Amino acid sequence: MKVTEVDTPEHEEVVRFEDPATGLKGFIAIHSTRLGPAAGGVRMRPYGHEVEALNDALRLSRGMTCKNAAADLPLGGGKAVIIGDPSMDKTPELMQAFGRVVQSLEGRYWTAEDMGMTPADMAQIGTETRFVAGLADGAFASGDPSPVTARGIFNAIRTTARHRFGSRDLRGKTVSVQGLGNVGHHLCRFLHQAGAELIITDIDAAQVTRVAQEFSATLVAPDAIYEAQADIFAPCAIGAILNEASIPLFKVGAVAGGANNQLATEADGQRLHERGILYAPDFVANGGGIVNVATEILQIADREDWVAARLEALDRTMDRILSTAARLSVCPNDVAERIVHDILHQKAA
């Protein structure tokens, strides 16, 4: 196993790891431990290049700092990425090797489930480190975070609908959903139960067909989702999909979804604002997952009530952000970033 430090000035610590015996390769990025140990999931993707993987870890770890601060959790921001195809390259030995990397950081970073990972993978990682959450079994096991993540996104969509359309009622509203993984699938269920009409897409054609049949949804090709006529667009796949090329195509009144780092650049938040498209900052909308994971890290005994209270608090924060943005006529992401900045500096004072 080879673990080397990577010099990145805006992060507290970044390491590159490689284990030829198992094929493990990737990065762990610790953006901030100002509020507590860094916490954030590990994702496994077949990145085209190491630079792409590193940049993903850097962006995601900063997003976790914002997300944990916005959720008022005593946790900092970190993220791990493993380079590889989870359907082909993942093995118990590779997961165990990653666990040894996490353990070598001595608690500065806690890992959990993210894209390409399962609770079973967390169990394998947990054989080599105690700094893992999202386990299926144990005294404080939090399990799969995706249902709680989806519930938080659903709350954010309703709050965004109230600010944009005057009511939280989603009956008669159309929501276009990009990405039908665990979170996207659960979100579609909540939206369908609330009476929303769904337009859906995913790169997995079989999954799109299943979800379309389950919720009487309209399916479109992946590239067509940006031009779909809908009230709200809910991106729940990869990040940076709100950009200079996609934003002019949108035919929606609002964006509220679960993907991390949805804005490709800070300027894209202003682009949405100038088009009159209300944006729900992603690190607030998708905070339910880390809230769920935090119950395990913090060893919360009354898990269900604690999670429910935190989800309500996140929804109040989103309401405050959107209200302030409307009053000041600015992009909501600017307001959300300022709130996080103030939290980080108040805690450090």
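Since every read-out is calculated from the coordinates, none of them should be taken as a lab result. For clarity, every value in this text was computed on a predicted model and none was experimentally measured. All Cβ positions, glycine included, derive from the backbone under ideal geometry; neighbour counts span all protein chains shown.
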- Message: If each residue of separation counts as 0.36 nm, what is the full-extension length gain between residue 305 and residue 169 once their alpha-carbon separation is subtracted?
- Response: 46.5 nm
- Query: What is the magnitude of the charge dipole of region 1-85 about its Cα centre, with +1 placed on the Cβ of each Lys and Arg, -1 on the Cβ of each Asp and Glu, and no other charges, expressed in debye to the nearest 20?
  - Reply: 240 debye
- Item | For the chain, built as a Gaussian network whose Cα springs stay under 10 Å, the top-fluctuating residue of 206, 38, 156 | 206
- Among 341, 185, 163, which comes first, then next, by fewest other beta-carbon atoms within 10 Å? 341, 163, 185
- Query: Using alpha carbons only, how many degrees (0 to 90, rounded to 10) separate the axis of helix 332-348 from the longest principal axis of the chain?
  - Reply: 40 degrees
- Task: Can you tell me how much longer the chain between residue 93 and residue 1 gets when fully stretched, taken as 0.36 nm per residue apart minus their C-alpha distance, in nm with one decimal?
- Result: 31.9 nm
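Starting from the alpha-carbon convex hull of region 134-275, give the projected area averaged over all orientations, in nm². Walk me through the numbers before you get to the answer.
Working: hull surface 36.4 nm².
Over all viewing directions, region 134-275 projects a mean Cα-hull area of 9.1 nm².
Assign unit charges at the C-beta atoms only (+1 for Lys and Arg, -1 for Asp and Glu), then state the dipole size of region 82-125 relative to its Cα centre in Debye, rounded to the nearest 20.
So the dipole magnitude of region 82-125 works out to roughly 160 debye.
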- Lys/Arg Cβ at +1, Asp/Glu Cβ at -1, dipole of region 129-281 taken about the Cα centre: which of 135, 165, 234 is farthest positive-ward? 165
- Query: For the chain, modelled as a Gaussian network with Cα springs under 10 Å, which listed residue fluctuates most, 51, 148, 42?
  - Reply: 51
- Task: Evaluate E = 1/(1 + (r/R0)^6) for residue 229 and residue 316, where r is the Cβ-Cβ distance and R0 equals 35 Å; express this FRET efficiency to the nearest 0.05.
- Result: 0.65
- Message: What's the magnitude of the charge dipole for the chain around its Cα centre, counting Lys and Arg as +1 and Asp and Glu as -1 at the beta-carbon? Answer in Debye, nearest 20.
- Response: 920 debye
- Task: Take 110, 306 and order them by how many other Cβ atoms sit within 10 Å, fewest up front.
- Result: 306, 110
- Item | Top positive-direction residue, dipole computed over the chain with Cβ charges, set 154, 84, 96 | 154
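Based on other C-beta atoms within 10 Å, arrange 91, 160 from fewest to most.
Details: 91 14, 160 27.
Sorted ascending by nearby Cβ count, the order is 91, 160.
Kindly state, to the nearest 0.05, the FRET efficiency for residue 341 paired with residue 141, given R0 = 35 Å and r defined as their beta-carbon distance. Before the final figure, lay out each step's value.
Working: r = 34 Å, r/R0 = 0.97.
Approximately 0.55, to the nearest 0.05.
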- Query: Sorted by mean Cβ packing within 10 Å, highest first, what order do the peptides 93-104, 55-66, 136-147, 73-84 take?
  - Reply: 73-84, 55-66, 93-104, 136-147
